[in-house]
Amino acid sequence: MSEALPLLPLSGVFLFPESVLPVRLRHPGLGRLMEDLVRDRGADLVVATLEPTSDPDPATSPVHPLAGLGRLRKAVRRSDGDWNLVVEGRSRARILEELPSGDQGYRRVVVMPLPEPEPPRELREELCPALRDALESRAGIELPYSHDCSPGHLADMLVLHLPLDFEGRRRLFTIVDPETRARRALSTHDRLPPTAGRGPSGTDPDRTGLN
C-alpha cells in the first residue's frame, strides 16, 4: 500500500531497516519540516539519499528512488539553530512520486514500503552463522544466538560496519532481495581488510547533516 509522507533528503546517508540513525541537520530550509515532525512526534518520514552533485540542494536536488522509511524518535534544537535528530529505520521503501510542496514548504513523496519477506528455515541455517561471524569480527562484539535470525537484517548490520565508500554502500542498500543482499554482503566482507571494533559507518551526528 502506498502512502504520502514528508521527505528528509540527506547527503551520503542511508537509513537501514531496524537501525538508528543520528543526524545533525544544518540546512535552514528544512525548518518547517522539523516543526511539523516535532509536533507530530513519532510520525513516519522518508529518508532519501541525495544523488551526488557538485552542490546538492535538499529543496530541489534529485534523490535516489530507493529510500528508508523511518520514524522520528528524538529531535533537539541546538543553540546555533541546527537540529540533532534520531531516526529509527522501519523498512526500505520505493519512491513512486514526488508531490507538489504546496503550503507545507517542504518535499513530500508517495512511497511503497518494501517489508522483508520471511526467510525459509533452510536459508537462515545457511546464511545466519556466516553473517553473525562476519558481523562479530567487524564490530568486535559477540552477538546472542537466535533461532529467528533474519539474513536480511544481519546483512544490513554487516554493511553498516564495512569500510565502504558511498557507491559501495549504495549498491548494497539498493538490493531489495534479502538473500542476494546477504550473499553480496558476505562476499564484500571477505574481500575487504579486517576492521575489528569498527563502529557503524555513516552515522556520526556531526557528519550526516547537510552543510
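The table below lists the values:
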read-out	value
Matching residues, segment 124-133, being within 14 Å of P178 (Cα to Cα) and under 24 Å from the mean Cα position of the chain (by Cα)	R124, L127, C128, L131
Some residue of segment 89-97 being modelled with pLDDT under 95 and buried (at least 22 other Cβ atoms within 10 Å of the Cβ)	no
Residues being in a strand (DSSP E or B), surrounded by 15 or more Cβ atoms within 10 Å (Cβ to Cβ) and among the aliphatic types (A, V, I, L, M) - total across segment 98-137	4
Pick from segment 60-77, criterion touching a residue at least 12 places away in the same chain (Cβ under 8 Å) and outside any strand (DSSP E or B), ranking: surrounded by the fewest Cβ atoms within 10 Å (Cβ to Cβ)	P62
When residues of segment 138-181 are limited to those that are buried (at least 17 other Cβ atoms within 10 Å of the Cβ) and of a type in the set (V, I, T), the one nearest to S91 (Cα to Cα)	I175
Residues (assigned to a loop (DSSP other than H, G, I, E, B) and surrounded by 13 or more Cβ atoms within 10 Å (Cβ to Cβ)) located in segment 29-58	A43, E51, P52, P56, P58
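The values are calculated or read from the model by the stated rules, or taken from the named source; none is laboratory data. Note that the structure is predicted; figures quoted are calculated from it, not measured. In this analysis, Cβ positions are derived from the backbone assuming ideal geometry, glycine residues included, and neighbour counts consider all displayed protein chains.
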